[in-house]
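Let me begin by presenting the structure, written as structure tokens, before commenting on it.
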Amino acid sequence: MYEVIIGLEIHAELLTDSKIWCGCSTRFGADANTQVCPICLGLPGTLPVLNERALELAVKAGLALGCEINRFSKFDRKNYFYPDLPKAYQISQYDLPLCRNGAVEFEANGEIRRVRINRVHLEEEAGKSVHSGDNIMGSEYSLIDYNRGGVPLIEIVTEPDLRSPEEARLFMEKLRTILLYAGVSDCRMEEGSLRVDANISLRPFGETELRERAEVKNLNSFRALQRALEYEVRRQSAILDAGQRVEQDTRHWNDQKGVTISMRSKEDAEDYRYFPDPDLVPVVLTEEQIETWRRELPELPDQKAARFISQYGLPAYDARVLTSSKAMADFFEAAVERFGEPKTVSNWVMVEVQRLVNEAGIEFDALPIGPGDLAGLLELVKRGTISNNVGKEVLEEMFKTGKSAADIVKERGLEQISDTGELEAIVEQVIAENPGPVQDVRDGKEKAIGFLVGQVMKLTKGKANPKMVNELLRQKLTGGA
Ligand code: ZN
Ligand code: MN
């Protein structure tokens, strides 16, 4: 058994309309090489000009992650040769990044964990290689799409504070939530606008030095991140168990085979020959500018969760679940505004609505029903028009058809039978048909009454008001309620 040490490097594309150094569109999904110009193609004689909106979003990301913002930062050239990089260097930030020293808290196994953020810096995207085969190794040729080249990107580097593959996944879920709340990135992993690389090493418990690490790339989902790290824990444990040293390298995750494969020995910073970009002036921010952007940030997940606890009296667990998606938190609040009873609404949203969302495989913001629709349903349950259980069925139907709860209840005749006369007749019938259990109840066997209630519910196809049935049975059999 070894202590697992994980640090992450996250890249997130910023939500700007145009690229970082030119006016080309950043829209995803256009035909290859239709959103390019001499600047983002790196043609000689062109000059980059910083997109101010990219700077604003990068600073806001840093603030949302609890970072200090450097009043003075600059851009550097990171030199490496790869076909998707037309200039043969990436404009990035080296020794003076925009943001430093942040932290993110998240929950793992009932415990609050804290991960320090070393830095957040601003840089440009490279183009995208499109391989003729399934992957680079098995391809005859590759084509390059430069539409993505020059899209603004932030790189977030954590300290090696994560202690298990599961923690790495939970941290990423929280980080994604924060970036989405802050409105700085759409964080679509499937479109590549959020990417994560992981550094992982193992050491015997008690040791304080870091050992050689592997950097794992090509992690296309949070699940892939956790699986790849679990594989690395097994691989590196076996090496250490055999008394050998892990070789520092960069590894590629193969999701189908469930293994990481060594691509190259890991390069060090000096291999990139960083130097300040002479085409760009340093970034100088005023305290006033930073404060303006700080004020513009919306309420973030942790703040919202704290408010849900104090304002609505929700348990911490509910507050955390509800705020894990901004769409879900907004839906909850809007439903409470209409219906009241925060804990009731919370239960329905966290359990029933969430279940339908999961089953449909959609995001919460694509929910086909509105908070007013849920409030309408809860009103019917509260008034006793339908039972809680029938309410769940109605919700499912609302989800499928988009009809209102009231319409579904009317169309399908789901109203609970609360008419005493009608119920009395059915109760009499059940008493007449079940002499055995009836005698049991008269003899004081409490359990038998449940059976009789069940019989009434069966005859009424679940529509009888169970509380009234219970009372009626007690009155008739024992003379009291
Ligand atoms: Zn361009
Ligand atoms: Mn980078």
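The values are calculated or read from the model by the stated rules, or taken from the named source; none is laboratory data. The structure displayed is predicted, hence computed values, not measured ones. Counting neighbours? That spans all protein chains shown, and the Cβs are built from the backbone with ideal geometry, glycine included. These accessible areas exclude ligands, DNA and RNA; they are computed on the full protein's heavy atoms, side chains included. Shrake-Rupley method; radii C 1.70, N 1.55, O 1.52, S 1.80 Å.
Some observations on this one:
- Enumeration of residues in segment 198-241 that are assigned to a helix (DSSP H, G or I) and of a type in the set (Asp, Glu): GLU230, GLU232, ASP241
- Counting the residues of segment 90-130 that are farther than 25 Å from ILE39 by Cα, among the small types (Gly, Ala, Ser) and in contact with a Phe, Trp or Tyr (Cβ under 6 Å, 6 or more places away or on another chain) gives 0.
- No other residue among ARG77, ARG114, ARG53 is within 16 Å of ligand 2 (Cβ to nearest atom), open to solvent by 10 Å² or more (accessible area, probe 1.4 Å), modelled with pLDDT of 95 or more and charged (D, E, K, R) apart from ARG77.
- The number of residues in segment 334-381 that are crowded, with 16+ Cβ neighbours inside 10 Å and without any contact (Cβ under 8 Å) to a residue 12 or more places away in the chain comes to 2.
- Test: residue in segment 389-406 that is open to solvent by less than 20 Å² (accessible area, probe 1.4 Å) and in contact with a Gly (Cβ under 7 Å, 6 or more places away or on another chain): yes
- Residues satisfying the stated conditions in segment 84-106, i.e. open to solvent by 50 Å² or more (accessible area, probe 1.4 Å) and more than 16 Å from ligand 1 (Cβ to nearest atom): TYR94, ASP95, LEU96, ARG100, ASN101, GLU105
- Hits in segment 188-220 (condition: crowded, with 17+ Cβ neighbours inside 10 Å, touching a helix residue (DSSP H, G or I) at 6+ places or on another chain (Cβ under 9 Å) and polar (S, T, N, Q)): SER201, ASN218
- Hits in segment 340-385 - residues which are within 24 Å of GLU415 (Cα to Cα) and in contact with an Asp or Glu (Cβ under 7 Å, 6 or more places away or on another chain): LEU356, THR385
- Index of the failed condition, SER262 passing every other in (1) in contact (Cβ under 8 Å) with a residue 12 or more places away in the chain; (2) open to solvent by 60 Å² or more (accessible area, probe 1.4 Å); (3) under 30 Å from ALA30 (Cβ atoms): (3)
- Some residue of segment 226-233 being in contact with a helix residue (DSSP H, G or I) (Cβ under 6 Å, 6 or more places away or on another chain), touching a residue at least 12 places away in the same chain (Cβ under 8 Å) and over 22 Å from ALA12 (Cβ atoms): yes
- Of all residues in segment 310-333, those being under 11 Å from the mean Cα position of the chain (by Cα) and surrounded by 22 or more Cβ atoms within 10 Å (Cβ to Cβ) number 1.
- In segment 140-163, the residues that are part of a loop (DSSP other than H, G, I, E, B) and either open to solvent by 30 Å² or more (accessible area, probe 1.4 Å) or touching a helix residue (DSSP H, G or I) at 6+ places or on another chain (Cβ under 7 Å) (or both): GLU140, TYR141, TYR146, ARG148, GLU159, PRO160, ARG163
- Listed by position, the helices (runs of 4 or more DSSP H) contained in segment 378-472 that have at least 2 residues being in contact with a Lys or Arg (Cβ under 7 Å, 6 or more places away or on another chain) are 420-433.
- Number of residues in segment 131-166 that are under 14 Å from VAL36 (Cα atoms), within 16 Å of ligand 2 (Cβ to nearest atom) and among the hydrophobic types (A, V, I, L, M, F, W, C) equals 1.
- Just one of (1) more than 23 Å from TYR272 (Cβ to Cβ); (2) open to solvent by 50 Å² or more (accessible area, probe 1.4 Å); (3) within 16 Å of ligand 1 (Cβ to nearest atom) fails for PRO44. It is (1).
- Condition broken by GLN303, with the remaining ones in (1) in the same structural domain as GLN93 (by TED's automatic domain parsing); (2) at pLDDT 95 or above satisfied: (1)
- The numbered conditions (1) within 16 Å of ligand 2 (Cβ to nearest atom); (2) modelled with pLDDT of 95 or more; (3) open to solvent by less than 20 Å² (accessible area, probe 1.4 Å) are all true for MET172 except (1).
- Restricting segment 85-94 to residues that are in contact (Cβ under 8 Å) with a residue 24 or more places away in the chain and within 13 Å of ligand 2 (Cβ to nearest atom) leaves a set whose member that is nearest to LEU41 (Cα to Cα) is LEU85.
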